[in-house]
């Protein structure tokens, strides 16, 4: 069953101005490939994150800020610019979909030229996949 907390943003037909992934590392081990996905569209920032099988949407006014690590801090939260990495920054989001999966949920962003970004949370483990249009 699909559970959503928060109001999903209206992304369809809008430009993806930025797509930034915050990861979660502990003791040099990647624990969450996608701790928070930040999407900027129509001049606004939106947070997408998961807890168990619930999809959370939040809006924010500020761009994501890097986590400032302290000495001997075992935690890291690096920001990865997926928009540039997957060349979807500036692309139009044709549609997006939330869907249940066995053991979790997924959110798929489909871009006008056919690229897809799929973010999954299965058994509380997150992953991101890019499918390049042919």
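Odds and ends about this structure:
- Just one residue in the set 54, 12 is under 20 Å from residue 88 (Cβ atoms) and more than 13 Å from the chain's Cα centre (by Cα); that residue is 12.
- Residues of region 1-36 that are out of contact with any helix residue (DSSP H, G or I) (no Cβ under 6 Å at 6 or more places or on another chain), over 23 Å from residue 73 (Cβ atoms) and assigned to a strand (DSSP E or B): 3, 4, 5, 14, 15.
- When residue 50 is tested against (1) more than 17 Å from residue 16 (Cβ to Cβ); (2) assigned to a loop (DSSP other than H, G, I, E, B), exactly one condition is not met: (2).
- First in region 25-40 and at positive phi, second anywhere and loosely packed, with under 12 Cβ neighbours inside 10 Å, Cβ under 7 Å, 6 or more apart: 27/74
- Every condition in (1) under 14 Å from the mean Cα position of the chain (by Cα); (2) part of a loop (DSSP other than H, G, I, E, B) is met by residue 39 except one, and the failing one is (2).
Only the coordinates and a few stated rules stand behind these numbers; no lab work does. Computed from a predicted model, the values in this text were never measured in an experiment. Glycine gets a Cβ as well: all are built from the backbone with ideal geometry, and neighbour counts include every protein chain shown.
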